[in-house]
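The values are calculated or read from the model by the stated rules, or taken from the named source; none is laboratory data. What you are looking at is a predicted structure, and each value in this text was computed from that prediction instead of being measured. All Cβ positions, even for glycine, are placed from backbone atoms using ideal geometry, and neighbour counts span all protein chains on display.
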Amino acid sequence: MEHYILIVAAGKGQRIGGEPKQFTELSGLPVLMHTLVPDEVLVAIHDGVRPLVSVDTIQRTFNMAQRKGSAIPAVPVNESVRETDGSLNKPVDRRKLRIIQTPQVFYSSLIKKAYHQNYRDSFTDDASVLESTGQPIYLVEGNPENIKITTPADLIMTEALLKKNKPDV
């Protein structure tokens, strides 16, 4: 069930200068906005090119972020992986690797603070920006079907999954 609060913003503000009190600026915002903008909310950042995100993935991510401050969905790497410098290469233990998905969910104060720093080449996503401030990033189970469309093959796969999961679409 959703919850709503009705904020009655009344008064002409004659005793404090004439303009309606709810529109009087206080610390850079109209008085009413201090009531409407909560101190802390969870923010979900999602790739628009991941149309197959599941409700379960969203709920798991929000639940973990509410407890820990941050959460991102991840799925295991199933294929063999090698690290290379362009000429030499070596195998990587895929049991330690995860493919990161979205939505990435954070407390608003944490991600706002993280984005006040200068850009670094090491930033790959919003989680890496937050992690660079010392904030741990918590993983939740993702969904292998929550693929990111970046290539023509991804489009074909997404269309096939849509037909399988939503035959009426």
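Is there a residue in the range 74-97 that is hydroxyl-bearing (Ser, Thr, Tyr) and closer than 14 Å to ILE45 by Cα? So that I can check it myself, show each step before the final result.
At the first step, the residues of the range 74-97 found to be hydroxyl-bearing (Ser, Thr, Tyr) are 80, 84, 87.
Next, only the ones that are closer than 14 Å to ILE45 by Cα stay: none.
Checking the range 74-97: not a single residue is hydroxyl-bearing (Ser, Thr, Tyr) and closer than 14 Å to ILE45 by Cα.
Need a quick list: strands (runs of 3 or more DSSP E) entirely within the range 67-165 having at least 3 residues that are without any contact (Cβ under 8 Å) to a residue 24 or more places away in the chain and out of contact with any Ser or Thr (no Cβ under 6 Å at 6 or more places or on another chain). If you could, list the steps in order and put the result at the bottom.
Working: elements: 70-76, 81-84, 89-92, 98-100, 104-107, 139-141.
Hits in the range 67-165: 81-84, 89-92.
Only one of (1) β-branched (Val, Ile, Thr); (2) touching a Pro at 6+ places or on another chain (Cβ under 9 Å); (3) surrounded by fewer than 16 Cβ atoms within 10 Å (Cβ to Cβ) is not met by THR133, so which one is it?
(2)
So LYS21 passes all but one of these: (1) in contact with a helix residue (DSSP H, G or I) (Cβ under 7 Å, 6 or more places away or on another chain); (2) modelled with pLDDT of 95 or more; (3) of a type outside the set (S, T, N, Q). Which condition number does it fail?
Here LYS21 clears every test but (2).
Restricting to the range 99-147, give me the number of residues that are among the acidic types (Asp, Glu) and within 19 Å of ARG60 (Cα to Cα). So that I can check it myself, show each step before the final result.
If we filter the range 99-147 for residues that are among the acidic types (Asp, Glu), which is where we start, we get 121, 125-126, 131, 141, 145.
Narrowing the set further to residues that are within 19 Å of ARG60 (Cα to Cα) leaves 126, 141, 145.
Result for the range 99-147: 3.
Suppose the filter is surrounded by 15 or more Cβ atoms within 10 Å (Cβ to Cβ) and of a type in the set (A, V, I, L, M, F, W, C); does ILE156 pass it? So that I can check it myself, show each step before the final result.
On the way: surrounded by 15 or more Cβ atoms within 10 Å (Cβ to Cβ): no; of a type in the set (A, V, I, L, M, F, W, C): yes.
No, not satisfied.
Could you say whether any residue in the range 131-153 is at pLDDT below 95 and either among the aromatic types (Phe, Trp, Tyr) or not assigned by TED's automatic domain parsing to the domain that holds ALA74 (or both)?
no
If you take the residues of the range 48-62 that are assigned to a helix (DSSP H, G or I) and in contact (Cβ under 8 Å) with a residue 12 or more places away in the chain, which of them is surrounded by the most Cβ atoms within 10 Å (Cβ to Cβ)? Spell out how you get there, then give the answer.
Step one: of the range 48-62, the residues assigned to a helix (DSSP H, G or I) are 55-62.
Keeping just the survivors that are in contact (Cβ under 8 Å) with a residue 12 or more places away in the chain gives 56-58, 60-62.
Working: ASP56: 12, THR57: 22, ILE58: 18, ARG60: 18, THR61: 28, PHE62: 16.
Restricting to residues being assigned to a helix (DSSP H, G or I) and in contact (Cβ under 8 Å) with a residue 12 or more places away in the chain, the top hit is THR61.
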